[in-house]
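Derivation of every value follows stated rules applied to the coordinates shown; laboratory data play no part. Fair warning: this is a prediction, and the values are worked out from it, not measured in the lab. Here the Cβ positions follow ideal geometry from the backbone for every residue, glycine too, while neighbour counts run over all protein chains shown.
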Amino acid sequence: MERAMLGVSLRDQIRNEEIRRRTIVTDIAQRVAKPKWRWAGHIVQRTALGFLGVGVQPRTGKRSVGPPTRWKDDIKQVAGSRWIQVAQNRGVWNALKKTCPAVDVNRLI
């Protein structure tokens, strides 16, 4: 759609970053990353849920059989495998959000 806005085809070999710079459109991955990060921190910090409290320990070792879990992979890359414990400390969680490559704080408010 952005290529059509600029009248550019794939044969022109213009990268998506250049097209987004010209159209000033935010990448959908960046638009989704910020609310996702905020929601993950919000859910983990809630103590009203009985199963999510201070003593929650993430599973270690092999996961159960089934399709791979992908939702928390990008959160794990930034906050580590113990991201649930990290998210319970709001100051540390917000500091980590600024280091997340998918969340561009300057472009998303």
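The table that follows gives values for the structure above.
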read-out	value
Two-site label geometry, residue 82 and residue 30: point separation in nm, points 7 Å out along Cα→Cβ	3.3 nm
Distance between modelled label sites at residue 98 and residue 12, nm, 7 Å Cα→Cβ extension	3.8 nm
